[in-house]
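Encoded as structure tokens, the structure appears first; notes follow it.
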Amino acid sequence: MDSVRELLLLLVGSSLVSNVVLSQFLGLCPFLGVSRKVKTAAGMGTAVIFVITLASAVAGAIHQFILQRLDLEYLDTIVFILVIAALVQFVEMFLKKIIPSLYEALGVYLPLITTNCAVLGVALNNVQAEYGILTGVVNGFATAVGFTIAIVILAGLREKMEYNDIPESFKGMPMVLLTAGLMAIAFTGFSGLL
């Protein structure tokens, strides 16, 4: 069994040091598209935390108890995509029924979690690193928390930038990309933690 210390190091490493968005450049579509308002970004982050954490648990269990035992590991990617799609459908139905305002605010980006390469990337990285189910879940949760931290920070910065005098050629996506790049540079400062 993994020690608590190793799990805490993985938690910090996956969320800050190897941030999925700012270090690995996965999940950029919702990162750039849903980061206009902090409330919407936090909602997307919560949905991603739920999906990645559950997908890590389910995909890890399927890999370990079914695919590995039957020597069908080559089906990992296909099976993981199906698991992720089912989880996203569950989240979509839940939000539509319970929090319709967040469902409307997320719009097309909610079903895009299915094709979010960060979600699939975490599941595949867990298998590649040969993590057990618990370690994979911790890695998935930490990665999703890192995604949420990054998207909420970017949303907060974008809200503040609305009131700034920005040159015409930098308005819109150029300024967002520049800000995201500066955030990525700032997050490299965490690399000395581990």
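The values are calculated or read from the model by the stated rules, or taken from the named source; none is laboratory data. Keep in mind that what you see is a predicted model, and the values were worked out from it rather than measured. Virtual Cβ from ideal backbone geometry, glycine too; neighbours counted across all protein chains shown. To get the accessible areas, we keep the full protein, side chains included, count just its heavy atoms, and leave off ligands, DNA and RNA. Shrake-Rupley method; radii C 1.70, N 1.55, O 1.52, S 1.80 Å.
Report the residue, chosen from Phe141, Phe80, Phe65, that carries the largest GNM mean-square fluctuation when the chain is represented by alpha-carbon nodes joined by springs under 10 Å.
Phe65
Per residue, how many Å² of accessible area does the chain show with a 1.4 Å probe? Write down the numbers at each step before the final one.
On the way: 10380 Å² over 194 residues.
Counting only protein heavy atoms, the per-residue value for the chain is 54 Å².
Under the 0.36 nm per residue contour assumption, what length would be gained going from the current alpha-carbon distance of Met183 and Arg36 to full extension?
On the way: separation 147, 0.36 × 147 = 52.92 nm, distance 1.58 nm.
Full extension from Met183 to Arg36 adds 51.3 nm.
Take the chain, connect every pair of alpha-carbon atoms lying under 10 Å apart with a spring to form a Gaussian network, then pick out the residue of Glu168, Glu73, Glu159 with the largest mean-square fluctuation.
Evaluated over the chain, the most mobile residue of the options is Glu168.
Just read off the accessible area of Ile78 with the full protein assembly in place, 1.4 Å probe, to the nearest 10 Å².
100 Å²
Would you be so kind as to identify which of Val122, Val48, Ile78 lies farthest towards the positive end of the dipole of segment 39-194, taking Lys and Arg as +1 and Asp and Glu as -1 on Cβ and the Cα centre as origin?
Val48
Nearest 10 degrees is fine. How inclined is helix 133-161 to the longest principal axis of the chain, computing both from alpha carbons?
In the chain, helix 133-161 runs at an angle near 10 degrees to the longest axis.
Using protein chains only and a probe of 1.4 angstrom, how many square angstrom of Phe25 are accessible, to the nearest 10?
Answer for Phe25: close to 120 Å² accessible.
Which residues in segment 14-39 place their backbone N less than 20 Å from a point set 7 Å from the Cα of Asn164 along the Cα-to-Cβ direction?
22, 31-39
Lysine pairs in the chain 8 or more apart or on different chains: how many have alpha carbons under 27 angstrom apart?
Lysine pair count for the chain: 9.
Ignoring any ligand, DNA or RNA, what whole percent of the accessible area of the chain comes from carbon and sulfur when the probe is 1.4 angstrom? Before the final figure, lay out the partial values.
On the way: 7080 of 10380 Å².
On the chain, the fraction of accessible area on carbon and sulfur atoms equals 68 percent.
Against the longest principal axis of the chain, how steep is helix 117-128, in degrees 0 to 90 to the nearest 10, with axes from Cα atoms?
Helix 117-128 sits roughly 30 degrees off the main axis of the chain.
Ignoring everything except DSSP H segments at least 4 long, calculate the 222 nm mean residue ellipticity for the chain; use -39,500 (n - 2.57) per segment, divide by total residues, nearest 500.
On the way: 8 runs with 126 residues, N = 194.
Rounded to the nearest 500, the figure is -21500 deg cm²/dmol.
Using Cα pairs closer than 8 Å and at least 6 residues apart in sequence, work out the relative contact order for the chain, in percent.
Value for the chain: 43 percent.
So which residue, out of Ser14, Ser35, Ser101, gets the largest mean-square fluctuation from a GNM of the chain using Cα contacts under 10 Å as springs?
Result for the chain, Cα springs under 10 Å: Ser101 fluctuates most.
Amide H to amide H under 5 Å from Ser18: which residues, 5+ apart in sequence or cross-chain, H placed 1.01 Å off N in plane?
Amide H neighbours of Ser18, under 5 Å, 5+ apart: none.
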